[in-house]
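Reading through the structure tokens given below for one structure.
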Amino acid sequence: MKQQIFPICGMMSPIIFIVMIILGGALRSDYSHISDTMSELFSPGSPNQLLLMSMHNISAILTILFGVGVLKFIKKYSKIEIVGIGAAWMIILMGVINISTASFFPQDAWGSPATLSGEIHKVLVGILVLLSILSTLLIGVFLKKVNILPSFMWYTFMTVGLILITGVFAATKLGTPIMGLTERITAFICLLWTFLFAFNIFLTQRHTIIRNEVPGR
């Protein structure tokens, strides 16, 4: 039963992140989900920065715990499966970097003078995007190699394609009135995949627990 805590963390992480974004926008009359980036909620001097940063970090910590659960899940099928193990460590690293992007290297307010912190934030976000694409792709390859969750495997490969398409489109819209919307589309695709992957792991582990509890098995 303890193993199921990790996928539950994976399901909670995207939910808390989405609630944080919605709440952050609701608390700021000058904020637009269409034109403003999500990172601007944590820019220096932003209203409710501490509250939103706390929610952001909770989501990131849950991502780290989920990554640990993914690692355990993968090792159950193969302790030498480099592809899957690499993907799990990428998920853990994404959680760590996410904490840094809000707490230590927040984005500069759009249109304000550039700072070292803001420039580092951009680099870290770029690394997050790469890790998101690679980890998702490698999970798909792992699922194919060990022949589990076939439907989710194909959904995973489709998700990689969607991230690439929407991510490139979002990059071309930086500085435009719809950059917030395009960023959110890509983010939602990633968050949905994370939730569904965690949910599939949860169901798989639950099925294993029930099967082991049935007499004669």
Residue match in region 36-44 (condition: at pLDDT 95 or above, crowded, with 20+ Cβ neighbours inside 10 Å, assigned to a helix (DSSP H, G or I) and more than 14 Å from the chain's Cα centre (by Cα)): no
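What are the residues in region 58-92 that are among the polar types (S, T, N, Q) and within 19 Å of the chain's Cα centre (by Cα), if any? Can you show your working first?
The initial filter retains those residues of region 58-92 that are among the polar types (S, T, N, Q), namely 59, 63, 78.
Result: SER59, THR63.
Considering each of GLY126, GLY111, GLY95 in turn, give the residue that is small (Gly, Ala, Ser) and more than 14 Å from the chain's Cα centre (by Cα). I'd like the intermediate steps shown before the answer.
On the way: GLY126 fails: more than 14 Å from the chain's Cα centre (by Cα); GLY95 fails: more than 14 Å from the chain's Cα centre (by Cα).
Residue meeting the stated conditions: GLY111.
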Determine which single condition TRP89 fails, assuming it passes every other condition in (1) among the hydrophobic types (A, V, I, L, M, F, W, C); (2) under 20 Å from ILE139 (Cα atoms); (3) modelled with pLDDT under 95; (4) assigned to a helix (DSSP H, G or I). (3)
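Does any residue of region 101-114 turn out to be more than 22 Å from LYS76 (Cβ to Cβ) and in contact with a Pro (Cβ under 7 Å, 6 or more places away or on another chain)? Write out each step before concluding.
The first filter runs over region 101-114 and keeps only residues more than 22 Å from LYS76 (Cβ to Cβ), leaving 101-114.
Filter once more, keeping what is in contact with a Pro (Cβ under 7 Å, 6 or more places away or on another chain): 106.
So far as region 101-114 goes, yes, one or more of its residues are more than 22 Å from LYS76 (Cβ to Cβ) and in contact with a Pro (Cβ under 7 Å, 6 or more places away or on another chain).
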Against the definition (modelled with pLDDT of 90 or more, surrounded by 18 or more Cβ atoms within 10 Å (Cβ to Cβ) and more than 22 Å from GLU183 (Cβ to Cβ)), how does PHE105 come out, yes or no? no
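So which residues in region 120-150 are in contact with a Ser or Thr (Cβ under 7 Å, 6 or more places away or on another chain) and closer than 15 Å to ILE97 by Cα?
HIS121, LEU124, VAL125
Could you say which residue among LEU164, LEU138, LEU134 is at pLDDT 95 or above, surrounded by fewer than 18 Cβ atoms within 10 Å (Cβ to Cβ), closer than 19 Å to ILE92 by Cβ and of a type in the set (A, V, I, L, M)? First the steps, then the outcome.
Numbers: LEU164 fails: closer than 19 Å to ILE92 by Cβ; LEU138 fails: surrounded by fewer than 18 Cβ atoms within 10 Å (Cβ to Cβ).
Answer to the selection: LEU134.
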List the pairs whose first member sits in region 157-170 and is on the phi < 0 side of the Ramachandran plot, whose second member is surrounded by 14 or more Cβ atoms within 10 Å (Cβ to Cβ) and of a type in the set (Phe, Trp, Tyr), and whose Cβ atoms are under 7 Å apart, counting only residues at least 6 apart or on separate chains? THR159/TRP193
Quick check on my filter: what residues within region 22-31 are under 16 Å from ALA109 (Cα atoms) and surrounded by 13 or more Cβ atoms within 10 Å (Cβ to Cβ)? GLY24, GLY25, ARG28, TYR31
Quickly run through region 171-195 and pick out the residues that are part of a helix (DSSP H, G or I) and over 23 Å from ILE16 (Cα atoms). ALA171, THR172
Tell me the residue from LEU116, LEU93 that is surrounded by fewer than 18 Cβ atoms within 10 Å (Cβ to Cβ), in contact with a helix residue (DSSP H, G or I) (Cβ under 9 Å, 6 or more places away or on another chain) and among the aliphatic types (A, V, I, L, M), please. LEU93
Identify all residues within region 167-185 that are under 8 Å from SER35 (Cβ atoms) and surrounded by 19 or more Cβ atoms within 10 Å (Cβ to Cβ); write none if there are none. MET179, GLY180
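The values are calculated or read from the model by the stated rules, or taken from the named source; none is laboratory data. Small disclaimer: the values here were computed from a predicted structure and weren't measured. Don't worry about glycine lacking a Cβ; one is built from the backbone with ideal geometry, like all the others, and counts go over all protein chains shown.
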